[in-house]
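In what follows, a structure is listed as structure tokens, so that the remarks can point back to it.
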Amino acid sequence: MNKFIIQGGKKLKGEVEISGFKNAAVAILPASILAEGKVVIENLPNISDTRTLLKILESMNATVIPLGNNTVSIEPAKMKECKAEHDMASGLRASYYFLGAGLGRFHKAKVAYPGGCHIGSRPIDQHIKGFEALGAKVKIEQGMISVQARELKGAKIYLDVVSVGATINIMLAAVKAKGQTIIENAAKEPHIVDVANFLNAMGAKVKGAGTDTIKIQGVKKLGGCEHAIIPDQIEAGTYMIAAAATRGEVLIKNVIPKHLESITAKLIEMDVTIDENGDEIRVKASKRTKSADIKTLVYPGFPTDLQQPMSSLLAISEGTGSITENIFEGRFKHVNELKRMGASIRVEGKVAIIEGVKKLSPATVKASDLRAGAALIIAALSTKGTTEIYEVEHILRGYDRIEEKLQNLGAKIELAEDKEADK
Ligand code: UD1
């Protein structure tokens, strides 16, 4: 186990290069097994979630070759089955994409029940509904999910809730189904479009990704391709908020500003100066930010993944603000840790009311999940003194070289061994 030791109170200054989008990468890696040929994936973030998925691919007999420069080649021809056991698959959410991809490739798959951040009940009923509509039988036994279909047949599927995971998983199976599949009330997040572009580069026929109706005409065969993953808008948003919280000035490079509109608009409302220029965004905050009210929504609304980092900024902003979490019911676990640092936050159901304090105080805190960890890093950076953040494995699942990137911006942050936890 590791911990972060942060000596905060320094303004972040300089440039940071954003990595490939975690949430796209963790779908594209499992999707690569659909190819009958070699797939080359560029801009792959070097995070523990992608490293785990590459290990799962190797365990299934896919040939994985790192090509350097965040590029990997995957040749899945030798694979005979799609099976991921508990020891590897239950550490992350995205292992469930092997169900859709395995159905597409082999008409069957068996994967341990997915893990991931504990931010609510996170059911997978919409994934199952989609697989069943395509003709698969789904069984959950002894912590494993099995899907099997004699034949996959296109279907019209209306999602009861807008789900990123279900939309992608259904797409992965439907690209190889006979006939047309229509997903209604589909999620519209940028990574849905990225996964669709990847599948189309392999020869799939996916139309409408990025809207709430996705039409997929099944094909018999998918070939190899090359694909570069889009930049991570959640990582970019995290650095934007960190720049504002430390009253610094940071140039965020390699972003798609359109994907960041809801965050940019909120930061401007809070008195942060934002300049967009091509694929770069400059963030500057010279004074204390004003508070704001934030409601998480599906894309293009404010992303739930940035709600937790944003609550650290609201905690030190002027006035009273609020966060309404509309997507995951359990996404306020970071609040108690922020309170340890002197934040004034009251949670009432799905709303957190945050009264800004002038500054937080350093403390010893624990990251309960990935974005909670990012929130604690931002809180620690904003205040003078030494904060120790434990259980940072959650953070390392999703942020590529975060300590190195922050050090380059002038932060004093060190990744150290948590010797107590290792005893
Ligand atoms: C993905 C992202 C996660 C992000 C979330 C919402 C990945 C790996 N993770 O998670 O970072 O916070 O989108 O943008 O891409 N739901 C159901 N039944 C289902 C599926 C979902 O009721 O079968 C509910 C969930 O409990 C939640 C809502 O739908 O309330 C949205 O979940 P979903 O979009 O599926 O999130 P994930 O794909 O798990």
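The values are calculated or read from the model by the stated rules, or taken from the named source; none is laboratory data. Every value quoted in this text rests on a predicted model; they were computed, and no experiment measured them. Backbone-built Cβ (ideal geometry, glycine too); neighbour counts: all protein chains shown. Side chains included, ligands, DNA and RNA excluded: accessible areas come from the protein's heavy atoms. Shrake-Rupley method; radii C 1.70, N 1.55, O 1.52, S 1.80 Å.
Taking the range 223-241, which residues are open to solvent by 30 Å² or more (accessible area, probe 1.4 Å) and outside any loop (DSSP other than H, G, I, E, B)? Hits for the range 223-241 are GLU226, ALA228.
Could you check the range 174-184 and list, in sequence order, the residues that are assigned to a loop (DSSP other than H, G, I, E, B) and surrounded by fewer than 18 Cβ atoms within 10 Å (Cβ to Cβ)? Across the range 174-184, the qualifying residue is only GLY179. Close Cβ contacts (under 7 Å, 6 or more residues apart or on different chains) running from residues in the range 149-165 that are within 16 Å of the ligand (Cβ to nearest atom) and open to solvent by 30 Å² or more (accessible area, probe 1.4 Å) to residues that are assigned to a loop (DSSP other than H, G, I, E, B) and not hydrophobic (A, V, I, L, M, F, W, C) comprise TYR158/ASN185; VAL162/ASN185; VAL164/GLU189. For the range 269-290, the set of residues classified as outside any strand (DSSP E or B), over 24 Å from the mean Cα position of the chain (by Cα) and of a type outside the set (Gly, Ala, Ser) consists of GLU269, MET270, ASP271, VAL272, LYS287, ARG288, THR289, listed by residue number. Go through the residues of the range 201-222 one by one and say whether even a single one is open to solvent by 20 Å² or more (accessible area, probe 1.4 Å), touching a Pro at 6+ places or on another chain (Cβ under 9 Å) and of a type in the set (Lys, Arg). Checking the range 201-222: not a single residue is open to solvent by 20 Å² or more (accessible area, probe 1.4 Å), touching a Pro at 6+ places or on another chain (Cβ under 9 Å) and of a type in the set (Lys, Arg). Out of all the residues in the range 172-186, is one or more among the charged types (D, E, K, R) and either within 18 Å of the chain's Cα centre (by Cα) or within 13 Å of the ligand (Cβ to nearest atom) (or both)? No, there is no match, as no residue in the range 172-186 is among the charged types (D, E, K, R) and either within 18 Å of the chain's Cα centre (by Cα) or within 13 Å of the ligand (Cβ to nearest atom) (or both). Might you let me know whether the range 33-46 holds any residue that is of a type in the set (Lys, Arg) and more than 16 Å from the ligand (Cβ to nearest atom)? So far as the range 33-46 goes, yes, one or more of its residues are of a type in the set (Lys, Arg) and more than 16 Å from the ligand (Cβ to nearest atom). Checking each residue in the range 261-290 for being open to solvent by 50 Å² or more (accessible area, probe 1.4 Å) and either small (Gly, Ala, Ser) or within 16 Å of the ligand (Cβ to nearest atom) (or both) picks out GLU261, ALA265, GLY278, SER286.
For the range 212-240, a residue qualifies if it is within 16 Å of the ligand (Cβ to nearest atom) and not small (Gly, Ala, Ser), and the qualifying residues are ASP212, ILE214, ILE229, ILE230, PRO231, ASP232, GLN233, ILE234, GLU235, THR238. Looking at the range 360-422, the strands (runs of 3 or more DSSP E) lying wholly inside it that each contain 2 or more residues that are away from the ligand (no atom under 16 Å from the Cβ), surrounded by 20 or more Cβ atoms within 10 Å (Cβ to Cβ) and among the β-branched types (Val, Ile, Thr) sit at 385-390.
Residues that are under 30 Å from ILE229 (Cβ atoms) and of a type in the set (Lys, Arg) are absent from the range 337-349 altogether. Criterion first (in contact (Cβ under 8 Å) with a residue 12 or more places away in the chain, within 16 Å of the ligand (Cβ to nearest atom) and at positive phi) does GLY116 satisfy it? Criteria met by GLY116. Could you tell me whether HIS118 is within 16 Å of THR52 (Cβ to Cβ) and either under 16 Å from the mean Cα position of the chain (by Cα) or open to solvent by 20 Å² or more (accessible area, probe 1.4 Å) (or both)? So HIS118 does not fit the description; no. Can you confirm whether GLY120 is modelled with pLDDT under 95 and among the small types (Gly, Ala, Ser)? Spelling it out, GLY120 is indeed modelled with pLDDT under 95 and among the small types (Gly, Ala, Ser). Within the range 246-260, if we keep just the residues that are open to solvent by 10 Å² or more (accessible area, probe 1.4 Å) and not in a loop (DSSP other than H, G, I, E, B), the residue that is nearest to LEU314 (Cα to Cα) turns out to be GLU249.
Assuming ASP125 fulfils every condition listed in (1) over 22 Å from ASP305 (Cα atoms); (2) of a type in the set (D, E, K, R); (3) within 15 Å of the ligand (Cβ to nearest atom) apart from one, which condition is it? Tallying (1) over 22 Å from ASP305 (Cα atoms); (2) of a type in the set (D, E, K, R); (3) within 15 Å of the ligand (Cβ to nearest atom), ASP125 fails exactly one: (1). Put simply, of GLY342, GLY356, GLY349 the only residue that is surrounded by fewer than 18 Cβ atoms within 10 Å (Cβ to Cβ), in contact (Cβ under 8 Å) with a residue 12 or more places away in the chain and more than 22 Å from GLU17 (Cα to Cα) is GLY342. Taken as a whole, the condition of being open to solvent by less than 10 Å² (accessible area, probe 1.4 Å), in contact (Cβ under 8 Å) with a residue 24 or more places away in the chain and closer than 30 Å to ARG288 by Cα does not apply to ALA196. Can you confirm whether the range 205-215 contains a residue that is touching a residue at least 12 places away in the same chain (Cβ under 8 Å), assigned to a loop (DSSP other than H, G, I, E, B) and under 19 Å from the mean Cα position of the chain (by Cα)? Within the range 205-215, one or more residues are touching a residue at least 12 places away in the same chain (Cβ under 8 Å), assigned to a loop (DSSP other than H, G, I, E, B) and under 19 Å from the mean Cα position of the chain (by Cα).
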